[in-house]
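Have a look at the structure below before the remarks.
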């Protein structure tokens, strides 16, 4: 019964948001086409901007329409028709958002790496830094998703998004200025040292731990939504 309810919630959210998901996916594809088929750094920047807009857009859209709007509407009619508790609600909302966002993130990451190095936009030495930039998106998104589910507050979520945008920029600048990272960015060979591996592992672990903590907190709640 529990699995059936969770599956219905996920299916319902995907069905309701299928058109926006499709539109953001087409935006991502357009970005890939522009970056790959049109030569020049300007076209590459435009293509990457379209890709970034797609992943940010679909992430924010899914958060708003699958979590935050439930609270504004006093929960969706479909959700109210089910004997739903916090455990089922949390699992369903986490899974549907992670499914959509990570699918777009994989597309973005693969396209960026492929276009960048097949077109020679940046030297091979920048690959570790590019991976760290791409991986930095995951813990940021995990925290945004966690805050939105735990608080169901647009205000708290917006503050989190704005704060993380500044924090992430400062964090990435700090990384690129590390001697063990920045010294090899413009080289012709990718250097995989302990600093690079440590940063990437921390990013991945953080992206995993935050949703796990969210589930633990929500599972302690006894009220029915």
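Quick notes on this structure:
- Within the range 108-127, considering residues that are in a helix (DSSP H, G or I) and touching a helix residue (DSSP H, G or I) at 6+ places or on another chain (Cβ under 6 Å), the one modelled with the highest pLDDT: 109
- So residue 107, is it within 24 Å of residue 29 (Cβ to Cβ), touching a residue at least 12 places away in the same chain (Cβ under 8 Å) and buried (at least 18 other Cβ atoms within 10 Å of the Cβ): yes
- Picking from residues in the range 192-220 that are over 24 Å from residue 99 (Cβ atoms) and surrounded by 16 or more Cβ atoms within 10 Å (Cβ to Cβ), the one that is nearest to the chain's Cα centre (by Cα) is 199.
- Looking only at residues in the range 175-207 that are part of a helix (DSSP H, G or I) and in contact (Cβ under 8 Å) with a residue 60 or more places away in the chain, the one that is farthest from residue 148 (Cα to Cα) is 196.
- So residue 149, is it out of contact with any strand residue (DSSP E or B) (no Cβ under 6 Å at 6 or more places or on another chain), touching a residue at least 40 places away in the same chain (Cβ under 8 Å) and under 24 Å from residue 45 (Cβ atoms): no
- Matching option when the condition is farther than 20 Å from residue 102 by Cβ, part of a helix (DSSP H, G or I) and under 17 Å from the mean Cα position of the chain (by Cα), among 134, 164, 172: 172
The values are calculated or read from the model by the stated rules, or taken from the named source; none is laboratory data. Note that the structure is a prediction, hence the values are computed from the model and not measured. No Cβ is skipped: glycine too gets one built from the backbone with ideal geometry, and neighbour counts run over all protein chains shown.
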